[in-house]
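Below: the structure, in structure tokens.
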Amino acid sequence: MKKLLEIFGTSLLGMTATAQVVDKPNIIIILTDDMGFGDVGVYGGKFVPTPHIDKMAAEGIRFTQYYSAAPISSASRAGLLTGIHPACLHITSYLQTREGNRAAEMADFLDPGTPTLPRTLQAAGYKTGHFGKWHLGGGRDVKNAPLITHYGYDEYVSTYESPDPDPLITATDWIWSAKDSIKRWDRTAYFVDKTLDFLKRNNGQPCFVNLWPDDMHTPWVGNIEEQKLFPDGENSEKNFRSVLIEYDRQIGRLLAGLKELGIDKNTIVIFTSDNGPAPSFRGSRAGNYRGCKASLYEGGMRMPFIIWSPDHLIPQAKVDNTSVVSALDIFPTLCGIANVKLPAGYESDGTDMSRALTGEPQQRNKAIFWEYRRNDSKAFPRPADKDTSPNLAVRESDWKLLINADETDLMLYNLYEDPRETVNLSEKYPGKVADLKEKVLRWRNSFPSLEQ
């Protein structure tokens, strides 16, 4: 802890900052796409070895109760960047065509006036970069989405679903094409290369990087040799295995590259996912939690979460099974760790979990709320019936309540005793139901209306 104070200052402990901050850490957020809790070896994954991600966990802290801000891409990303419930930002599904966005009662893009983590760090002297999937506006027929620089990034390279996609990976107007100069199976390596080059060019200045690959999202396309070995189709388990092996290797390349640049000792890397898996392979990719992508059950939102930094900036080989952390916490927490002031007037829907992320389990002081499916439009993808959840959820302490906005399909679970959500306790604990039901419905009804 003494070394943390020397580097980051006492503010990360919630005290008045009196110690001199020697240097601000580089920060990299690896946001994997559609990776389930059970995809990673150290989280019980048995389908594919992930030695590099496992090593990352062995050199850092692994959390078992981390939640995405939403069970689907755009909403999850919006919540992480802003620390604000994505429903309050009018993003509750994946951003798509204008017609689809209207049907889902969504905006076409994240409002660039919203406070963001990169803009806050940029104002504090950080160089900021985004490399990978964006999906917060742009693409399809949305031609007026703000450039990524408007959200606080100095540089970016982005994929199809963005306002200014990289032509090397978007030869056609779709997620990928055989005509792309950078082939599908080389894209994570391309984003890792861009990240390391950015850090090299800005060595000596604190950097913040979104490394947001579009693996492990389908389509799963291995290299030419692997396609010959596994000709089963882009969504097959064999193709998934091929892509995850390469993805894990690229995470190892990134960490090795930080060491080669000599900046690993002052760099914090966070590894997580935007939402649950699809397909889930009979629940195995979700760690056998109930649900998957597009579901408010645990399998759609409980994600792997590892924070890594060598040289004992944070404890090594630590597993935190008690701290409940949300993606909404990342903005205030990283600002706390980096000793950066939050924007004037900014109020996060998350909480500063600096103690937890630096090795001391921390009691959560806020409930976590979720909404998915504002209405029954096809703009909200649905999983199989067994994985389709009610459209609202709240977790407070060990209790989780799910309910539809019309007050139907009510479920209550104690996640400490029943993390798989198998026993509905709503009839047994009517007082707890009444309390959580009132809170989540009041939260849902507090959203501002979307101006059409």
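The values are calculated or read from the model by the stated rules, or taken from the named source; none is laboratory data. Given the structure is predicted, the values throughout are model-derived calculations rather than measurements. In this analysis, Cβ positions are derived from the backbone assuming ideal geometry, glycine residues included, and neighbour counts consider all displayed protein chains. SASA here: full protein model, heavy atoms, side chains in, ligands and nucleic acids out. Shrake-Rupley method; radii C 1.70, N 1.55, O 1.52, S 1.80 Å.
Quick look at the numbers
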| quantity | calculated |
| --- | --- |
| Qualifying positions in the stretch 266-298 - of a type in the set (S, T, N, Q) and part of a loop (DSSP other than H, G, I, E, B) | Asn275, Ser280, Asn288, Ser295 |
| Condition check for Asp215: touching a strand residue (DSSP E or B) at 6+ places or on another chain (Cβ under 9 Å), surrounded by fewer than 20 Cβ atoms within 10 Å (Cβ to Cβ), within 23 Å of Ser93 (Cβ to Cβ) and not hydroxyl-bearing (Ser, Thr, Tyr) | no |
| Top-ranked residue of the stretch 125-152 - restricted to ones that are open to solvent by 40 Å² or more (accessible area, probe 1.4 Å) and in contact (Cβ under 8 Å) with a residue 40 or more places away in the chain, ranked as farthest from the chain's Cα centre (by Cα) | Asp141 |
| Extreme residue, nearest to the chain's Cα centre (by Cα), among residues of the stretch 160-186 that are among the β-branched types (Val, Ile, Thr) and under 23 Å from Ser74 (Cα atoms) | Ile175 |
| Enumeration of residues in the stretch 368-378 that are open to solvent by 20 Å² or more (accessible area, probe 1.4 Å) and not aromatic (Phe, Trp, Tyr) | Arg373, Arg374, Asn375, Asp376, Ser377, Lys378 |
| Residues of the stretch 302-349 classified as in a loop (DSSP other than H, G, I, E, B), of a type outside the set (Asp, Glu) and within 20 Å of Lys400 (Cα to Cα), total | 4 |
| Pairs with Cβ under 8 Å, 6+ apart, first in the stretch 434-452 and closer than 18 Å to Asp409 by Cα, second modelled with pLDDT of 95 or more and of a type in the set (Asp, Glu) | Leu436/Glu396; Lys437/Glu407; Lys439/Glu396; Leu441/Glu407; Arg444/Glu371 |
| Close pairs (6 angstrom Cβ cut-off, 6 or more residues apart or separate chains): closer than 19 Å to Lys183 by Cα in the stretch 153-164, among the aromatic types (Phe, Trp, Tyr) and modelled with pLDDT of 95 or more anywhere | Val157/Phe131; Ser158/Trp134; Ser162/Trp134 |
| Every residue from the stretch 270-328 that is open to solvent by less than 10 Å² (accessible area, probe 1.4 Å), of a type in the set (Ser, Thr, Tyr) and under 23 Å from His85 (Cβ atoms) | Thr272, Ser273, Ser295, Tyr297, Ser323, Ser326 |
| Within the stretch 414-431, considering residues that are in contact with a strand residue (DSSP E or B) (Cβ under 7 Å, 6 or more places away or on another chain) and open to solvent by less than 60 Å² (accessible area, probe 1.4 Å), the one nearest to Asp387 (Cα to Cα) | Glu421 |
| Residue within the stretch 258-265 that is assigned to a strand (DSSP E or B) and either closer than 21 Å to Asn202 by Cα or open to solvent by 20 Å² or more (accessible area, probe 1.4 Å) (or both) present | no |
| Pick from the stretch 81-104, criterion touching a Phe, Trp or Tyr at 6+ places or on another chain (Cβ under 8 Å) and not in a loop (DSSP other than H, G, I, E, B), ranking: most open to solvent (accessible area, probe 1.4 Å) | Cys88 |
| Qualifying positions in the stretch 218-241 - open to solvent by 50 Å² or more (accessible area, probe 1.4 Å) and modelled with pLDDT of 90 or more | Arg241 |
| Hits in the stretch 105-124 - residues which are open to solvent by less than 10 Å² (accessible area, probe 1.4 Å) and polar (S, T, N, Q) | Thr116 |
| The stretch 34-75, subset of a type in the set (S, T, N, Q), surrounded by 24 or more Cβ atoms within 10 Å (Cβ to Cβ) and touching a strand residue (DSSP E or B) at 6+ places or on another chain (Cβ under 9 Å), residue farthest from Pro277 (Cα to Cα) | Ser74 |
| Qualifying strands (runs of 3 or more DSSP E) (wholly inside the stretch 353-452; at least 2 residues being within 19 Å of Cys88 (Cβ to Cβ)) | 368-371, 392-396 |
| All positions within the stretch 203-212 that are in a loop (DSSP other than H, G, I, E, B) and open to solvent by less than 20 Å² (accessible area, probe 1.4 Å) | none |
| Subset of the stretch 140-166 that is of a type in the set (A, V, I, L, M, F, W, C) and assigned to a loop (DSSP other than H, G, I, E, B) - its residue that is nearest to Leu211 (Cα to Cα) | Leu147 |
| Qualifying residues in the stretch 331-361 (those that are among the aliphatic types (A, V, I, L, M) and open to solvent by 10 Å² or more (accessible area, probe 1.4 Å)) - the one farthest from the chain's Cα centre (by Cα) | Ala344 |
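Yes/no per residue for (1) free of Cβ contacts under 8 Å to residues at least 60 places away in the same chain; (2) surrounded by fewer than 21 Cβ atoms within 10 Å (Cβ to Cβ); (3) in a loop (DSSP other than H, G, I, E, B):
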position: Leu168; (1), (2), (3): yes, yes, no
position: Ala171; (1), (2), (3): yes, yes, yes
position: Ile175; (1), (2), (3): yes, yes, yes
position: Ala178; (1), (2), (3): yes, yes, yes
position: Arg187; (1), (2), (3): yes, no, no
position: Lys194; (1), (2), (3): no, yes, no
position: Asp197; (1), (2), (3): yes, yes, no
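Residue by residue, here is whether (1) modelled with pLDDT under 95; (2) within 23 Å of the chain's Cα centre (by Cα); (3) not aliphatic (A, V, I, L, M) holds:
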site: Arg382; (1), (2), (3): yes, yes, yes
site: Lys386; (1), (2), (3): yes, no, yes
site: Ser397; (1), (2), (3): no, yes, yes
site: Leu415; (1), (2), (3): no, yes, no
site: Asn424; (1), (2), (3): no, no, yes
site: Glu438; (1), (2), (3): no, no, yes
site: Leu441; (1), (2), (3): no, no, no
